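Undergrad: Quick one: the structure is below, and I'll ask about it shortly.
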Amino acid sequence: ETGVTQTPRHLVMGMTNKKSLKCEQHLGHNAMYWYKQSAKKPLELMFVYSLEERVENNSVPSRFSPECPNSSHLFLHLHTLQPEDSALYLCASSRTGGYGYTFGSGTRLTVV
Amino acid sequence: RKEVEQDPGPFNVPEGATVAFNCTYSNSASQSFFWYRQDCRKEPKLLMSVYSSGNEDGRFTAQLNRASQYISLLIRDSKLSDSATYLCVVNPPNDYKLSFGAGTTVTVRA
């Protein structure tokens, strides 16, 4: 049972929809991350939050909007996405200081 | 130069065989090293950390070579269930974010 829970597991949305991905961790970690993984491609870091503060935004389009209300929760708000945004979106958490990540099961997003 | 580079494979091996592959990293001051395993359409999961002295976990052996800046993973007595993509992960200095390689695909056949 993973300590990082992501919902929903699957999402199909139209290009005009607004949806949100949710991530929750109860591991006592103080950093949380959003990654995108497209088919046959490596993980792409999107956003990093440390101690609830966004510390990195890797040139992600504004149609992706993260939110971290507390150290246990992370959201990714989606609006007016494009078909090329279809991918597996992974949330991860860690302690700061070079420790490994724990990943959630991911949300498989399809934009139609 | 990429921070972490891996041979993408695929490595196709019969059951019971030994398979080994490396990963190189660019920052010589990197501190922590990991191997993650990712099954098809699933999230990556930590397989093992890699220590300076090398370490073993059952059929899996990881080695770190700081002089040549690479880490390796060796799988002995391969099982069908070892088929996966293995991600090399490095923690650069002064940064808690991890750098991921693109992965090495291993397919074990009966």
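Derivation of every value follows stated rules applied to the coordinates shown; laboratory data play no part. Since the model is a prediction, treat every value here as computed from it, not as a measurement. Note that we place each Cβ from the backbone using ideal geometry, even for glycine, and neighbour counts take in every protein chain shown.
Undergrad: Just to be sure, is A:S93 among the small types (G, A, S) and either in a loop (DSSP other than H, G, I, E, B) or more than 14 Å from chain B (Cβ to nearest Cβ) (or both)? First the steps, then the outcome.
TA: Numbers: among the small types (G, A, S): yes; either in a loop (DSSP other than H, G, I, E, B) or more than 14 Å from chain B (Cβ to nearest Cβ) (or both): no.
Against the criterion (among the small types (G, A, S) and either in a loop (DSSP other than H, G, I, E, B) or more than 14 Å from chain B (Cβ to nearest Cβ) (or both)), A:S93 does not qualify.
Undergrad: May I pose another question? Considering only the stretch A:68-80, state which residues are farther than 14 Å from A:A92 by Cα and in a strand (DSSP E or B). Reasoning before the result, please.
TA: Start the filter on the stretch A:68-80 by keeping residues that are farther than 14 Å from A:A92 by Cα, which leaves A:69-70, A:77-80.
Of everything in the stretch A:68-80, those that are farther than 14 Å from A:A92 by Cα and in a strand (DSSP E or B) turn out to be A:P69, A:N70, A:H77, A:L78, A:H79.
Undergrad: Taking interchain pairs and intrachain pairs at least six residues apart, which have beta carbon atoms under 9 angstrom, with the first residue in the stretch B:30-58 and at positive phi and loosely packed, with under 13 Cβ neighbours inside 10 Å and the second part of a loop (DSSP other than H, G, I, E, B) and not basic (K, R)?
TA: Final answer for the pair search is B:R41/A:G106.
Undergrad: Where in the stretch A:1-62 are there strands (runs of 3 or more DSSP E), lying wholly inside it, with at least 1 residues that are facing chain B (nearest Cβ under 10 Å) and over 14 Å from A:S94 (Cβ atoms)?
TA: Working: elements: A:4-7, A:10-13, A:18-25, A:31-37, A:44-50, A:53-57.
It comes to A:4-7, A:31-37, A:44-50.
Undergrad: Which numbered condition in (1) within 14 Å of another protein chain (Cβ to nearest Cβ); (2) of a type in the set (S, T, Y); (3) surrounded by fewer than 16 Cβ atoms within 10 Å (Cβ to Cβ) is the only one that A:T80 fails?
TA: Going through (1) within 14 Å of another protein chain (Cβ to nearest Cβ); (2) of a type in the set (S, T, Y); (3) surrounded by fewer than 16 Cβ atoms within 10 Å (Cβ to Cβ) one by one, A:T80 breaks only (1).
Undergrad: I'm told B:V108 meets every condition in (1) farther than 19 Å from A:F103 by Cα; (2) of a type in the set (A, V, I, L, M); (3) surrounded by fewer than 20 Cβ atoms within 10 Å (Cβ to Cβ) except one. Can you identify the failing condition by its number?
TA: Result: B:V108 passes all but (3).
Undergrad: When you check A:S71 against the structure, is it surrounded by 15 or more Cβ atoms within 10 Å (Cβ to Cβ) and without any contact (Cβ under 8 Å) to a residue 60 or more places away in the chain, yes or no? Walk me through it before giving the result.
TA: Details: surrounded by 15 or more Cβ atoms within 10 Å (Cβ to Cβ): yes; without any contact (Cβ under 8 Å) to a residue 60 or more places away in the chain: yes.
Answer is yes for this residue.
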